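The values are calculated or read from the model by the stated rules, or taken from the named source; none is laboratory data. Values in this document were obtained by computation on a predicted structure and should not be read as measured data. Cβ coordinates were reconstructed from backbone atoms using ideal geometry, including for glycine residues, and neighbour counts include every protein chain displayed. The area values use the complete protein model at the heavy-atom level, side chains included, leaving out ligands, DNA and RNA. Shrake-Rupley method; radii C 1.70, N 1.55, O 1.52, S 1.80 Å.
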Amino acid sequence: MATIGTDILSVKKLLSAGEVVGIPTETVYGLAGNAFNDDAVLKIFNVKNRPQFDPLIVHTDSIAHASTFVRSFPQKAKQLAEAFWPGPLTLLLPKSDTVSDLVTSGLSTVAVRIPNHPLTLELLASLDFPLAAPSANPFGYISPTSALHVENQLGKKIPYILDGGESTVGIESTIVGFEGEDAVVYRLGGIAVEAIEGIIGPVQTVSHSTSNPKAPGMLKSHYSPRKPLVINHLPEILQQYSPNKIGSLTFNHLVDSIPAENQRVLSPAADYPEAAKHLFAYMRQLDSLPIEVIYAELLPEKDLGRAINDRIRRAAVREV
Ligand code: TXA
Ligand code: MG
């Protein structure tokens, strides 16, 4: 079992000694280690059971610090950083030699983010190195949005989880990279594409694939619960399963014919940020109910609905 607490000094000591720990962020909890220490970075991959070809995000606390481990900061990247940092935005920038190939899986860019969580910002300010941190879930499972989620899955493998309460955004950061002058969204996330376009104009969104090495986080079954999750097809599901063996995940309404206790409504008020905040916790709850299948509906394809749909699709076994 890991210690769960708010003792930043202990966490600082552990990280300085090359250990990896759970840290809170506004998006999801991270599994953090000294980004400048290859042994710590290797530990991250091992604890998560993550293949080393899947690079890590480096977390820091200021644009000035970020500038010390990137070779350049394009104009549009600066505009986005100024608009959204600290916050759920990750920028892919040309890496400097101080960042090891282990962190970036040999890519020439490094993913950088300033997370917006008071405890983690305080921790980062106390350290003289940045933190490499993927989401603190075993590779392929749903990301954690509370210290308890981390404890349940990785508690035996790490010494400490810094408890910062429930993540307020609830889905991972939006990842933006650059092709020449043009910004490209590689992962939909906690900042809506519309908000990014409001700062730098139209951007391209790269659709997810299992084989595109530049498309981050797009390995199949990335956010899967263990129970099969099916998008739509309710009549078929009802033919195959008895209603008390069906759970549901919907945006703002209950579904007739499924018991209410098996249902999770992301936001009765149809509020996208509220839906995002609940998404992963509700998937976990459904996964642990005595049901056999999860029926899910997609949200309207706008605002954070796009990122939420992306996660639901990748949790699904099939779709319409
Ligand atoms: O909100 C978040 O981003 C959370 C919190 C903890 O900050 N972190 C997170 O990390 O979601 P992770 O490792 O679960 O997802 C990061 C994704 C990975 O899929 C990885 O492939 C991609 O970012 N990535 C990292 N560095 C990259 C790079 N240089 N080029 C392309 N993709 C990169
Ligand atoms: Mg992840």
Please work out which residue is surrounded by the fewest Cβ atoms within 10 Å (Cβ to Cβ), limiting yourself to region 180-195 and to residues that are hydrophobic (A, V, I, L, M, F, W, C) and within 19 Å of L299 (Cβ to Cβ).
-> A195
Scanning region 113-130 for residues that are more than 9 Å from ligand 1 (Cβ to nearest atom) and closer than 17 Å to V70 by Cβ gives I114, L124, F129, P130
Of all residues making up region 268-319, the number that are assigned to a helix (DSSP H, G or I), in contact with a Leu (Cβ under 9 Å, 6 or more places away or on another chain), farther than 19 Å from E194 by Cβ and open to solvent by 60 Å² or more (accessible area, probe 1.4 Å) = 1
Name the pairs whose Cβ atoms lie under 6 Å apart, with the first residue in region 230-251 and within 12 Å of Q263 (Cβ to Cβ), the second part of a loop (DSSP other than H, G, I, E, B) and of a type in the set (D, E, K, R), and 6 or more positions between them or separate chains?
-> T250/E297
What number goes with the only condition from (1) buried (at least 22 other Cβ atoms within 10 Å of the Cβ); (2) touching a Phe, Trp or Tyr at 6+ places or on another chain (Cβ under 7 Å) that H59 does not pass?
-> (2)
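Among the residues of region 9-29, is any closer than 30 Å to E179 by Cα and part of a strand (DSSP E or B)?
The answer is no, given that none of the residues of region 9-29 is closer than 30 Å to E179 by Cα and part of a strand (DSSP E or B).
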Do we find a residue being away from ligand 1 (no atom under 15 Å from the Cβ) and either acidic (D, E) or in contact with a Pro (Cβ under 6 Å, 6 or more places away or on another chain) (or both) anywhere in region 164-172?
-> no
Starting from residues that are in a strand (DSSP E or B) and within 16 Å of ligand 2 (Cβ to nearest atom), keep the ones in region 155-176 and report whichever is surrounded by the most Cβ atoms within 10 Å (Cβ to Cβ).
-> T174
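Go through F69, F84, F73, F53 for me and flag whichever is within 13 Å of ligand 1 (Cβ to nearest atom), surrounded by fewer than 20 Cβ atoms within 10 Å (Cβ to Cβ) and under 23 Å from V184 (Cα atoms).
Working: F69 fails: surrounded by fewer than 20 Cβ atoms within 10 Å (Cβ to Cβ); F84 fails: surrounded by fewer than 20 Cβ atoms within 10 Å (Cβ to Cβ); F73 fails: within 13 Å of ligand 1 (Cβ to nearest atom).
The conditions single out F53.
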In region 94-141, residue nearest to ligand 2 (Cβ to nearest atom) [restricted to those that are farther than 16 Å from L9 by Cα, part of a strand (DSSP E or B) and within 20 Å of the chain's Cα centre (by Cα)] = S135
